Each structure stands twice: as C-alpha cells, then as structure tokens.
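Here the structure comes first, spelled out in structure tokens, and everything after it is commentary.
Quick note: the coordinates plus some simple rules give every number you see, no bench work behind them. Source: prediction; values computed, not measured.
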Amino acid sequence: MNKMDLMKDEKFVFGSIQIVANKKETLLERELKEFDITFKQWFLTVVIENTFDTPPTLKETAKAMGSSHQNVKQIALKLEQKGFIFLEKDKKDSRVKRIRLTEERYKFSEMIQVKAATFTAALFMGIEEDEMSKARVVLHRMMSNLAKMEQREQED
C-alpha cells in the first residue's frame, strides 16, 4: 500500500482534481498544437457554445470559465486574430463587448470532432454511468461551494 492509498478521501480528491486538470490540459495542448490553437483558446469557444444562447459579454464568459475578465479578454483577442470569434459592441451599452463565434470556428469544431470524441472516450474509459452521475453531483456541489466562498469574499 502506498502513501496515497492511506490519504483521506477529501485530501485525495482535492489533489487529484488538480492533477487530472493539469494532465488533461497538457494532452489537449499536444492535440491542438497542429491547429495553432491553445487549450484555453479552445476551451473559451467551447464554454461559449455550450453555456450561452446569445453572444455573451467578456464578463459573463470569464465568470462561466472561472477566470478573470482580463485573462478572457487576452484569449479572446487572440481568437479574434485567428478568425474564430468576433468581438462586437453591445447594442445597449457600447462599453460592453460581446463574443460571437464565427463560421470559421464552427468549421474547426466539425474538423476536430472525431479527435475530440476519441480523446473523451479514452479519458472516461471504464467509468460507469452511475459513477459519472455521482461525480457530477460532487463536482456540482464543489462548484456551488466555491461560488459561495467567492460571494462571501466579495461581501467582506
């Protein structure tokens, strides 16, 4: 038995989430390199496509990604140069920028669909549906707890 097997579940999960995130990002960076797009750039477009019904603001996107406004703005500017997004002024408030995915981004998504499905299948291999459901509940609760922690921090 190794040291990690003796670790409390809470401690193991806490560290493992970071390790999984780091390794997943590293492997995805390698997969995306041939397309001249970074994991964070790709992830921003995925968040927009899967989270919002209308083009979100930079602020809304940052919140959904769990990132800073400034970080999202820098990523968005690079994606705009690549033709994957278009930053447009909000119709009601010209100070606000909205992110619109372009046709080029949708073409890219179709092009890498098989690679993405293969990666996802390999990542979740051997994990049963009931295990995935339980993991979803735990992760959702953790995200909710983090949101509460942020809220308290802002109130102080």
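Odds and ends about this structure:
- For region 13-156, average projected area of the Cα convex hull in nm²: 10.6
- Cross-linked pairs 8/40; 3/148; 40/63; 33/73; 40/97; 24/115: Cα-Cα separations exceed 23 Å for 8/40; 3/148.
- Helix-only arithmetic for the chain: the sum of -39500 (n - 2.57) across DSSP H runs with n ≥ 4, divided by the residue total, places the mean residue ellipticity at 222 nm at -22500 deg cm²/dmol.
- Between region 134-156 and region 1-25, the alpha-carbon centres lie 19 Å apart.
- Sequence-ordered 3J(HN,Hα) estimates for region 39-50 from the Karplus curve with 6.51, -1.76 and 1.60 and θ = phi - 60° stand at 4, 5, 5, 4, 4, 4, 5, 5, 4, 4, 5, 9 Hz, glycine and proline given as x.
- Rel. contact order, % - alpha carbon contacts under 8 angstrom, at least six apart, region 1-139: 15
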